[in-house]
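K.L.:
The following block contains the structure, expressed as structure tokens.
The values are calculated or read from the model by the stated rules, or taken from the named source; none is laboratory data. This one's a predicted model, so the numbers in the text were calculated from it and none came from an experiment. The protein model used for the area step is the full one, side chains on, heavy atoms only, and it has no ligands, DNA or RNA in it. Shrake-Rupley method; radii C 1.70, N 1.55, O 1.52, S 1.80 Å.
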Amino acid sequence: MANPQPLNFTIDDSSPVIRYTPNPTFAVNIFPDPLLNWSPVCGAIDASERCDDHSAHVTGLDGAKFALSFFGTGINLFGNLTLGTTFSMNIDGNTVSNGLSRGEGADSQILAKVSGLSPALHTLILTVKKGEDIRGLFTFDYAQVLVGNAT
């Protein structure tokens, strides 16, 4: 019998299954202000390039939120925190404190690791908490949903 392999899937920050509050700014010819709401950012050099593979959502707004429903046994969130910005998170109405990693690694940092959930539909709500430095930002890159094991 083969060793079971983890079965995961990725939800990008630009996925329509993620609900941002307040709604992101999609300004034309000006840079959106992440201190006022969520701002989508893209690594594309010109308008002919797709943004999906190199995008993120950034905010510096205290109390900004995103919600995401997923079916699985766990979830890992990747992004970045700067200048004292933190976050709180709940899943299915319960505050999650165990497993919050608060930025491990260099590039797409692990913001949170949650495992051990029952295999079911879950709803995650993340709330940004502003630090003392007004320039602090929260960047969300993607979520990795843990579904189970494949044999």
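K.L.:
Could you go through region 112-126 in sequence order and give the Karplus-derived ³J(HN,Hα) for each residue, using 6.51 cos²θ - 1.76 cosθ + 1.60 with θ = phi - 60°, rounded to whole Hz, and x for Gly and Pro?
P.N.:
7, 10, 10, 9, x, 6, 5, x, 7, 7, 10, 10, 9, 10, 10
K.L.:
Near the amide H of Thr85, under 5 Å away, which other amide H atoms are found, from residues 5 or more places off or on another chain, if H is placed in the peptide plane?
P.N.:
Gly131, Leu137
K.L.:
While we're here: Can you list residues whose amide H is under 5 Å from His122's amide H, if they're 5+ apart or on another chain and H is modeled 1.01 Å from N?
P.N.:
Hits under the 5 Å cutoff: Phe70, Phe71, Gly72.
K.L.:
In terms of modelled amide H atoms, which long-range or inter-chain residues lie less than 5 Å from the amide H of Ala112?
P.N.:
Answer set, sorted by chain and number: Leu77, Ser101.
K.L.:
For region 111-151, which whole-number percentage of the solvent-accessible area (1.4 Å probe, protein heavy atoms only) is attributable to carbon and sulfur atoms?
P.N.:
Answer for region 111-151: carbon and sulfur cover 54 percent of the accessible area.
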